[in-house]
Amino acid sequence: MNIVLYGVTADVAERIAERYGLKVVNSPDKFDASGTIVLVPSINAPRYLLAFYNAMLRHEEDVDAVIICGADSCAAVSTVHYCTPQGKFFTLNGDLDAGELLAELYQLLDSLFAEGNQINF
């Protein structure tokens, strides 16, 4: 599973990665077959935004979820949403404390991992 996270700290990303056996990387260009979390820093520079957008498009089929925590704090939320595959974009409230945020992320990711493990006959 490849997850893109925006609006969380590196500590939160590490805790999620540890729980789900994922590797933390800094670009969709570094997705790994074993599963990764791309921790996206604040996107302010148009050049970085364009590079991120292009990387997301190159790896569209590899993206399992894009989760933005605090969409109001993401100046580039519309661009990030636009380059996310349909049905794989999720937002969480940015006003949650660290414990609440982790609980919300775990709940969302548990459901995504459960969906990914279903067998279709």
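Figures for the structure shown
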{"item": "Under the span-like rule (Cα at least 24 Å along the axis, Kyte-Doolittle mean at least 0.5), DSSP H helices of the chain", "result": "98-116"}
{"item": "Dipole magnitude of the chain about its Cα centre (Cβ charges: Lys, Arg +1; Asp, Glu -1), debye to nearest 20", "result": "380"}
{"item": "Most fluctuating residue given options D32, D64, D11, as computed from a GNM of the chain linking Cα atoms under 10 Å", "result": "D11"}
{"item": "Ratio of the Cα radius of gyration of the chain to 2.2 N^0.38 Å, where N counts its residues", "result": "1.00"}
{"item": "Normalised contact order of the chain, rounded percent, pairs of Cα under 8 Å and 6 or more residues apart", "result": "26"}
{"item": "Shape category assigned to region 43-109 from the gyration tensor of Cα positions, a/c cut at 1.5", "result": "oblate"}
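Every number in this text was worked out from the coordinates using simple rules, so none of it is lab data. Quick caveat: nothing in here was measured; it's all calculated off a predicted structure. For neighbour counting, all protein chains shown are included, and Cβ atoms are generated from backbone atoms with ideal geometry for every residue, glycine included.
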